[in-house]
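The values are calculated or read from the model by the stated rules, or taken from the named source; none is laboratory data. The structure presented is a predicted model; accordingly, all values stated were derived computationally and were not measured. Virtual Cβ from ideal backbone geometry, glycine too; neighbours counted across all protein chains shown. Just so you know, the surface numbers come from the protein's heavy atoms only, side chains and all, with ligands and any DNA or RNA stripped out. Shrake-Rupley method; radii C 1.70, N 1.55, O 1.52, S 1.80 Å.
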Amino acid sequence: AYGHSGTNKTGIIQTAHKPMVVMSRPTSVRLNGTGIHTLYCEDLKELKKAVKWCIESDEALEFGWHCFDSISEWAEKEFLRYEDTSRKAYLNIQSEIMQIFLDLTTLPKRPVYCTAWAKTVQDGDISKEAYGFPGQALAQKIPPLFSTILRFHPATNDEGDTELVAQTQANPTAFAKDESGNLDPIEQLNLTTILDKIQKGRTNV
């Protein structure tokens, strides 16, 4: 899921069944007092250990979801802390980040939820909203690893009130995707409901 600040990318984790959250920040106002198990990973080295634990540990199976908040921040922090600005160094960092999320998304034992920042990109004369990562390569390579990409944003409902929703299909001004084909174009922010719809019709779940 991606979106601008305040679109509830972190808060929605409360709607998942028994989630465990790996966080790029020490604390989260959105999750304070919820009782949700959190693990803080300051850098990619710690994040690698957390991903390995999710994949290999039986203890990780005690949780219903594995959540990572946020991909953008871990990537950004790694690029900023790296003193070598050569192209080789840049490619090495990029490769390291990609391997972490390739491991995460190819060997999941539980539903995996990751968040990313939103940014505005230019497509010809049209400004489009998309997920934000440092470097063009990460922006192109990370999203195909995920079967569902949700854009969180405010929208006006039928009563004229503003609410936060999840866009599931791409349009001329923003990117999203739903490989299952089971989601409505706009969904309410509830991970349990969204997962149930995605898994609808599967016999091997």
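Okay, residues lined up against (1) farther than 28 Å from residue 187 by Cβ; (2) not charged (D, E, K, R):
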{"position": "65", "(1), (2)": "no, yes"}
{"position": "82", "(1), (2)": "yes, yes"}
{"position": "126", "(1), (2)": "no, yes"}
{"position": "141", "(1), (2)": "no, no"}
### Summary
Exception for residue 172 within (1) open to solvent by less than 80 Å² (accessible area, probe 1.4 Å); (2) more than 28 Å from residue 77 (Cα to Cα) falls at (1)
### Task
Name the single residue, out of those in segment 6-30 being closer than 10 Å to residue 69 by Cβ and modelled with pLDDT under 90, that is surrounded by the most Cβ atoms within 10 Å (Cβ to Cβ).
28
### Message
I want to confirm something. Restricting to segment 31-45 and keeping residues that are out of contact with any Phe, Trp or Tyr (no Cβ under 8 Å at 6 or more places or on another chain) and closer than 20 Å to residue 80 by Cβ, which single residue is surrounded by the fewest Cβ atoms within 10 Å (Cβ to Cβ)?
### Response
45
### Options 76, 96, 83; residue that is open to solvent by 30 Å² or more (accessible area, probe 1.4 Å), among the charged types (D, E, K, R) and more than 18 Å from residue 136 (Cβ to Cβ)
83
## Note on the structure
Going through (1) touching a Pro at 6+ places or on another chain (Cβ under 7 Å); (2) surrounded by 12 or more Cβ atoms within 10 Å (Cβ to Cβ); (3) farther than 27 Å from residue 193 by Cα one by one, residue 135 fails only at (1)
### Task
Please verify whether segment 63-84 includes one or more residues that are in a strand (DSSP E or B), under 24 Å from residue 3 (Cβ atoms) and touching a helix residue (DSSP H, G or I) at 6+ places or on another chain (Cβ under 6 Å).
yes
